[in-house]
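The values are calculated or read from the model by the stated rules, or taken from the named source; none is laboratory data. Please read these numbers as outputs of a predicted model, since none were measured by experiment. In this analysis, Cβ positions are derived from the backbone assuming ideal geometry, glycine residues included, and neighbour counts consider all displayed protein chains. Surface accessibility is based on the protein's heavy atoms, side chains included, excluding ligands, DNA and RNA. Shrake-Rupley method; radii C 1.70, N 1.55, O 1.52, S 1.80 Å.
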Amino acid sequence: MPLHPDAAEAIRRTGDLPAGLPPARLREVYEAQRMPLLPEPLPVASVEETAIPGRGGPIAVRIYRPLDPSPDAPLMVFFHGGGFMLASLRSYDTPCRRLAAKAGCVVVSVDYRLAPEHRFPAAVDDAWDAFAWCSDHTAELGASRERIVVCGDSAGGNLAAVVAQQCLDDPRRPLALQVLIYPCTDMTGDWPSFARNGSGYMLTTAAVRMFYAQYAPSEADRADPRASPMHRADVRGLAPALVLSAEFDPLVDENAAYAAKLARAGVPVEHEVFAGMLHPFFTLGGIIADAARLEDRVAVAVRALADDA
């Protein structure tokens, strides 16, 4: 379908993400553009900011507890997007509040280290260390160890997919669901959607390539499954996946390919491409109504974990 009018309005307000700015300035521009487009936050019982141990030093996290949670609520470990370079606990505060409220789950939002100051695999190390800590502290968090979810958008979707794969290698870490919101899954490919959706839709192919160059300059690193989860040969036994994509996104083709790869391996997969949408729409709910529908889709999947218990 054509570009949705809500998405067109987001483009009118922000334009494409600039790819040539120094990292510090790009972070300022990114937050100045995106923060006004967030939806209204939803009420939660509490928000706690703390630090947990990681091999690269303390990792800041925000813990969101929903109103009237069950004693063994699902636990969502959330990794924000931003091309491995941008965004923060602050800029994702509203989305995490909304997910906690709608899904009735405890959300732990992870402030992993950013490139180019900290290149691959620093973000992966932080993501896994945070997940492992959460897995070991579910009772303290007021959540269920049997209903742990990893979730993230864009670069955060990449980290969620990588953590899900690492759970295959560590059977001590049960994972119930992976929610991948327009994830980066292959830093080595040149997918048709790179050309088809390369500019004019907020996230450009030029920006994608700049992010990859800053995060994983080495071609060998980009082919590592911890950077490109598409490259893991055997994905049998992965946790069920919910893959949510946007039609006008440079990453939409690799999202479909990753969902298909999981399905071929027998992994339960649900994949939806949001028609007329563009890459960052999940965080643009102040003007894009489909952001709430995406949240609802995630909430249904997370709440189903408790229903199945």
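Considered as a group, the residues in the stretch 93-124 that are of a type in the set (D, E, K, R) and within 16 Å of the chain's Cα centre (by Cα) include one that is nearest to Pro229 (Cα to Cα), and that residue is Arg113.
Within the option set Arg90, Arg27, Arg62, being under 20 Å from the mean Cα position of the chain (by Cα), closer than 30 Å to Gly200 by Cβ, modelled with pLDDT of 95 or more and not in a loop (DSSP other than H, G, I, E, B) holds for one residue only, Arg27.
Do we find a residue being under 28 Å from Leu168 (Cβ atoms), part of a loop (DSSP other than H, G, I, E, B) and open to solvent by less than 30 Å² (accessible area, probe 1.4 Å) anywhere in the stretch 208-224?
Taking every residue of the stretch 208-224 in turn, at least one turns out to be under 28 Å from Leu168 (Cβ atoms), part of a loop (DSSP other than H, G, I, E, B) and open to solvent by less than 30 Å² (accessible area, probe 1.4 Å).
Scanning the stretch 37-63 for residues that are open to solvent by 10 Å² or more (accessible area, probe 1.4 Å) and touching a strand residue (DSSP E or B) at 6+ places or on another chain (Cβ under 7 Å) yields Val44, Ala45, Ser46, Val47, Glu48, Glu49, Thr50, Ala51, Pro58, Ala60, Arg62. Can you say whether Ala233 is in a loop (DSSP other than H, G, I, E, B) and in contact with a Cys (Cβ under 8 Å, 6 or more places away or on another chain), as far as the supplied structure shows? The answer is no for Ala233.
Quick check on the stretch 64-81. Is at least one of its residues in contact with a Leu (Cβ under 6 Å, 6 or more places away or on another chain), in contact (Cβ under 8 Å) with a residue 12 or more places away in the chain and open to solvent by 20 Å² or more (accessible area, probe 1.4 Å)? No, there is no match, as no residue in the stretch 64-81 is in contact with a Leu (Cβ under 6 Å, 6 or more places away or on another chain), in contact (Cβ under 8 Å) with a residue 12 or more places away in the chain and open to solvent by 20 Å² or more (accessible area, probe 1.4 Å). For Val149, the stated conditions do not hold, so it cannot be described as touching a Lys or Arg at 6+ places or on another chain (Cβ under 8 Å) and surrounded by 24 or more Cβ atoms within 10 Å (Cβ to Cβ).
Residues checked against (1) more than 21 Å from Val149 (Cβ to Cβ); (2) open to solvent by less than 10 Å² (accessible area, probe 1.4 Å):
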| position | (1), (2) |
| --- | --- |
| Tyr258 | no, yes |
| Phe274 | no, yes |
| Leu278 | yes, yes |
| Asp296 | no, no |
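Farther than 19 Å from Ala100 by Cβ and at pLDDT 95 or above, is that true of Ala299? I'd like the intermediate steps shown before the answer.
Values: farther than 19 Å from Ala100 by Cβ: no; at pLDDT 95 or above: yes.
Criteria not met by Ala299.
Residues considered: Ala132, Ala123, Ala101. Of these, the only one that is surrounded by 24 or more Cβ atoms within 10 Å (Cβ to Cβ) and assigned to a helix (DSSP H, G or I) is Ala123. On the stretch given as the stretch 209-241, residues that are touching a Lys or Arg at 6+ places or on another chain (Cβ under 7 Å) and farther than 13 Å from Pro121 by Cα total 2. Which of (1) free of Cβ contacts under 8 Å to residues at least 60 places away in the same chain; (2) in a loop (DSSP other than H, G, I, E, B); (3) in contact with a strand residue (DSSP E or B) (Cβ under 8 Å, 6 or more places away or on another chain); (4) more than 24 Å from Ala246 (Cα to Cα) is the odd one out, the single condition Leu175 does not satisfy? Of everything listed in (1) free of Cβ contacts under 8 Å to residues at least 60 places away in the same chain; (2) in a loop (DSSP other than H, G, I, E, B); (3) in contact with a strand residue (DSSP E or B) (Cβ under 8 Å, 6 or more places away or on another chain); (4) more than 24 Å from Ala246 (Cα to Cα), Leu175 misses just condition (1). All conditions but one from (1) open to solvent by less than 10 Å² (accessible area, probe 1.4 Å); (2) touching a strand residue (DSSP E or B) at 6+ places or on another chain (Cβ under 7 Å); (3) touching a residue at least 60 places away in the same chain (Cβ under 8 Å) apply to Met85; the one that does not is (2). Only a single criterion out of (1) closer than 24 Å to Leu294 by Cα; (2) surrounded by fewer than 19 Cβ atoms within 10 Å (Cβ to Cβ); (3) charged (D, E, K, R) is not satisfied by Asp186, namely (2). Checking Glu48, Glu40, Glu9 one by one, the residue that is charged (D, E, K, R) and either assigned to a strand (DSSP E or B) or under 24 Å from Ala130 (Cβ atoms) (or both) is Glu48 and no other. Return a yes/no flag: does the stretch 232-241 have any residue that is free of Cβ contacts under 8 Å to residues at least 12 places away in the same chain and open to solvent by 10 Å² or more (accessible area, probe 1.4 Å). Yes, some residue in the stretch 232-241 is free of Cβ contacts under 8 Å to residues at least 12 places away in the same chain and open to solvent by 10 Å² or more (accessible area, probe 1.4 Å).
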